Amino acid sequence: MLSSVVVIGAGQAGLSAAYHLLRRGFVSAVDFPQAGRSFVVLDHETGPGGAWRHRWESLTMATVNGIFDLPGLPSPPIDPDEPSSIAVPRYFAAFEDRFRPPILRPEMVDAVRPDDDDPDGDLVIDTDRGQWRSRIIINATGTWTNPVWPDIAGRATFAGRQLHTHDYTRAADFAGRRVAIVGGGISAIQHLAEISRVATTFWYTRRVPEFRDSFTPDEGGRQTIDQVRADVEAGRPTRSVVSYTGLPRNQYTREAHDRGVLRRRPLFTAVEPDGVREADGSFTPLDTIVWATGFRAALQHLEPMRLRNQLGAITMRGTQVAGEPRVHLIGYGTSQSTVGANRAGREAVAAIVRQSRF
């Protein structure tokens with residue numbers, strides 16, 4: 001199948017790109033494959049919502065870190081007690097019903113690669129349902145499918161249960177257990193606050209967390225974006241979000257602090273079958289380890305493009321990969337936030353139209 005532009009992923013960033021492609025006169029590559037301005041969105045999910053479909057039950061609309069309206073469709077009134085895994089996918093579904101972007105799902109992209117016979121021509125997109133060819137891709141795959149599991153000595157020997165934030169569902173599953181929560185980000189604090197109500201908890205981080213009393217989108221957001229942009233444009237690996245922003249003193253941190261459970265320990269040196277070896281050499285028995293250790297950009301399918309530099313990072317110029325004008329990354333680097341993803345979708349499409357003379 002042929003398409004002028006292939007968008008990979010139908011979360012916030014992918015839907016934003018689709019909206020702006022439609023506004024620029026691009027049509028469905030499924031219905032009009034020979035059109036001069038055509039596009040398709042390939043999404044591996046079975047329905048609308050992106051990663052929001054998989055958030056844990058207790059992450060309600062009152063406690064999410066923030067969502068931002070999709071372009072062209074203001075979000076409806078929000079019930080603060082409704083799970084985000086229900087409310088956000090419903091909103092995304094309404095967006096898809098309104099604008100009818102050409103989304104194919106479920107379709108998993110296995111690899112994006114240059115054509116062996118014409119390396120500078122169209123890109124080949126291999127999926128589990130076939131193959132697409134396109135002049136340009138907009139990658140909007142986010143991070144949810146690429147959880148980070150730290151390389152800790154003995155982790156494979158643990159006889160208890162181990163899980164990542166990616167697989168966390170509800171605090172009640174840990175009732176009566178001795179649980180380690182590992183990580184210094186917002187998700188770790190949320191898990192700690194919830195699980196500590198039903199279990200004995202131990203909180204571990206590599207570095208002493210830096211709490212921030214206030215974080216305003218205008219000032220703090222701009223500073224964070226400037227810092228991340230400096231990293232991606234210099235070809236340096238980006239760090240975790242919390243390393244740029246600090247930990248907010250929100251209802252989770254205040255509530256956990258008031259109950260005396262916000263007590264951080266240095267990260268243990270090793271995992272043993274029945275627990276962990278502490279930094280001071282002592283031993284702490286455990287039943288469960290929750291690894292709230294973050295996510296990295298899900299870009300495995302782009303490895304054949306050889307976009308990474310010697311530091312393992314991807315140098316960017318706006319949404320475009322430096323030196324590879326056929327690839328735009330959105331929901332990446334400075335556009336990982338919901339507001340950033342919206343902006344990046346618009347900027348990527350504008351750059352594509354401007355540079356390719358569509």
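The values are calculated or read from the model by the stated rules, or taken from the named source; none is laboratory data. Please read these numbers as outputs of a predicted model, since none were measured by experiment. Using ideal geometry, Cβ is built from the backbone for each residue, glycine included, and neighbour counts are taken over all protein chains shown.
Brief remarks follow.
- Of all residues in segment 294-314 being assigned to a loop (DSSP other than H, G, I, E, B) and in contact with a Ser or Thr (Cβ under 8 Å, 6 or more places away or on another chain), the one that is nearest to residue 172 (Cα to Cα): 294
- Considered as a group, the residues in segment 1-17 that are among the aliphatic types (A, V, I, L, M) and within 16 Å of residue 71 (Cα to Cα) include one that is surrounded by the most Cβ atoms within 10 Å (Cβ to Cβ), and that residue is 17.
- Any pair with Cβ under 7 angstrom, 6 or more apart, that starts in segment 318-329 at a residue that is free of Cβ contacts under 8 Å to residues at least 24 places away in the same chain and part of a strand (DSSP E or B) and ends at one that is buried (at least 19 other Cβ atoms within 10 Å of the Cβ) and not charged (D, E, K, R): 321/307; 321/314; 321/327; 321/329; 324/305; 324/307
- Condition met for residue 27 (surrounded by 21 or more Cβ atoms within 10 Å (Cβ to Cβ), assigned by TED's automatic domain parsing to the domain that holds residue 6 and modelled with pLDDT of 95 or more): no
- Hits in segment 249-281 - residues which are of a type in the set (D, E, K, R), surrounded by 17 or more Cβ atoms within 10 Å (Cβ to Cβ) and either in a strand (DSSP E or B) or not assigned by TED's automatic domain parsing to the domain that holds residue 171 (or both): 272
- Single match in 21, 59 (criterion: in contact with a strand residue (DSSP E or B) (Cβ under 8 Å, 6 or more places away or on another chain), touching a residue at least 40 places away in the same chain (Cβ under 8 Å), closer than 22 Å to residue 195 by Cα and not acidic (Asp, Glu)): 59
- Being assigned to a strand (DSSP E or B), among the hydrophobic types (A, V, I, L, M, F, W, C) and either surrounded by fewer than 16 Cβ atoms within 10 Å (Cβ to Cβ) or modelled with pLDDT of 95 or more (or both) holds for only one residue in 159, 172, 153, 180, and it is 180.
- Verdict on residue 52 being among the aromatic types (Phe, Trp, Tyr), in a loop (DSSP other than H, G, I, E, B) and modelled with pLDDT of 85 or more: no
- Test: residue in segment 282-292 that is out of contact with any Gly (no Cβ under 8 Å at 6 or more places or on another chain), part of a loop (DSSP other than H, G, I, E, B), among the hydroxyl-bearing types (Ser, Thr, Tyr) and more than 27 Å from residue 16 (Cβ to Cβ): yes
- Search result, residues across segment 293-335 that are of a type in the set (S, T, N, Q), out of contact with any Gly (no Cβ under 8 Å at 6 or more places or on another chain) and surrounded by fewer than 22 Cβ atoms within 10 Å (Cβ to Cβ): 300, 310, 320
- Candidates are the residues of segment 304-337 that are modelled with pLDDT under 90 and of a type in the set (A, V, I, L, M, F, W, C); the one that is farthest from residue 141 (Cα to Cα) is 311.
- Qualifying residue in segment 218-236 (condition: under 27 Å from the mean Cα position of the chain (by Cα), modelled with pLDDT of 70 or more, assigned to a strand (DSSP E or B) and surrounded by 14 or more Cβ atoms within 10 Å (Cβ to Cβ)): no
- Residues in segment 84-116 that are acidic (Asp, Glu) and either over 21 Å from residue 128 (Cα atoms) or free of Cβ contacts under 8 Å to residues at least 24 places away in the same chain (or both): 96, 97, 115, 116.
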